Amino acid sequence: EAKTLLLEVEKHPKTPPPVKRKIPGLRATIDAELAKRVGSLSVKTGNLEGATVLVDGTVIGLTPLERALKPGTYQLAVRASGYRPHVETLKIEPDAKIRREIQLVALPVLVQINTPGVTGAMIELDGARIGVAPQALRKLPGRYRVRITKIGYKVYEETILVTLATPLTKDIELEIDRPLVIGPKPSPPRGDGLAIGGYVSGGLGLVLLGVAGAFHGLAVKDRDASARLSQSVDEARESYNSSKTKIKVAYALYGIGGASLITGVVLLALHYSGGTRHGDRRKPGRTERWRVLPTIGGGSLEWRF
């Protein structure tokens, strides 16, 4: 009853100030008595401030927050844009202090990467292949290195920033690796490989023809020897067989040497004609437009229009 009287005196609006002053420690006594009948809730979000705090579906403030609650069971929810909501059940006891420090988890953000006018371009994100354009994926907020490659186009590289709760669309224009050339088509390089191949093949052909001629001469000599009357029948037969063998070898070498010599002549003709076969046929003052695109294997695809 004494405690009840103290509370009534404090709360009564007509209680004169002198009466209050005559009761030492009245405020401290009231605060201590109220604290025993309620609990307190403290909520912090370590990775951000200003998250919305709800108790049983009612907003009670923003983090960091501290509120007194009557004893009971409550549903605590903490929400922030771009983060996964945190929900849990709390039980508040009289004179209890409940502290919660919550780490909200960011939600993935939609990232759309397009290459207008170009299909099949390979997309890499931080060095990992994710597929061909167009590509839609979800990534956590942060910085990512984008690399896009396609044969015939320049490599595209850029660092993109994915921000919280903001979808990102990137329309990337790929550039042709070898641009349109206006003017006379440059003469193709002569190519030292053709010259070397021509000289080697031609030289080998001449050597084989010389060897074939030597075998042919030996074959004729053996044939003449087999026709001499002074030789025995066995010696004549042996000379004749040797002549036939050498004739076969000579003819084979004639064929191989001739083919090698012709190949060398063709290669040298291609080598020496490559530097003028375009320029000599072009009319003076005529401008041509050439499209040049690289192909697999290091070659190129060219056409005039």
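Things to note:
- Matching option when the condition is of a type in the set (A, V, I, L, M) and in contact with a Phe, Trp or Tyr (Cβ under 9 Å, 6 or more places away or on another chain), among 176, 102, 98: 176
- Restricting 237, 277 to those that are over 30 Å from residue 155 (Cα atoms) and either part of a helix (DSSP H, G or I) or at pLDDT 50 or above (or both) reduces the list to 237.
- Residues of the range 134-155 satisfying the condition of being in a loop (DSSP other than H, G, I, E, B), free of Cβ contacts under 8 Å to residues at least 24 places away in the same chain and surrounded by 14 or more Cβ atoms within 10 Å (Cβ to Cβ): 134, 154
- Flag if residue 92 is in contact with a Phe, Trp or Tyr (Cβ under 7 Å, 6 or more places away or on another chain), under 30 Å from residue 56 (Cβ atoms), surrounded by 13 or more Cβ atoms within 10 Å (Cβ to Cβ) and of a type outside the set (Ser, Thr, Tyr): yes
- Candidate set: the range 185-218, residues that are at pLDDT below 80 and within 12 Å of residue 254 (Cβ to Cβ); chosen: the one nearest to the chain's Cα centre (by Cα): 215
- Residues located in the range 71-126, provided they are more than 30 Å from residue 174 (Cβ to Cβ), in contact (Cβ under 8 Å) with a residue 24 or more places away in the chain and β-branched (Val, Ile, Thr): 78, 92, 98, 102
- Only one entry in 142, 120 is among the small types (Gly, Ala, Ser) and over 17 Å from the mean Cα position of the chain (by Cα), namely 142.
- The residues in the range 115-126 that are closer than 28 Å to residue 83 by Cβ and in a loop (DSSP other than H, G, I, E, B) can be counted, and the count is 1.
The values are calculated or read from the model by the stated rules, or taken from the named source; none is laboratory data. This is a predicted model, so every value here is computed, not measured. Here Cβ is always computed from backbone atoms with ideal geometry, including for glycine, and neighbour counts include all displayed protein chains.
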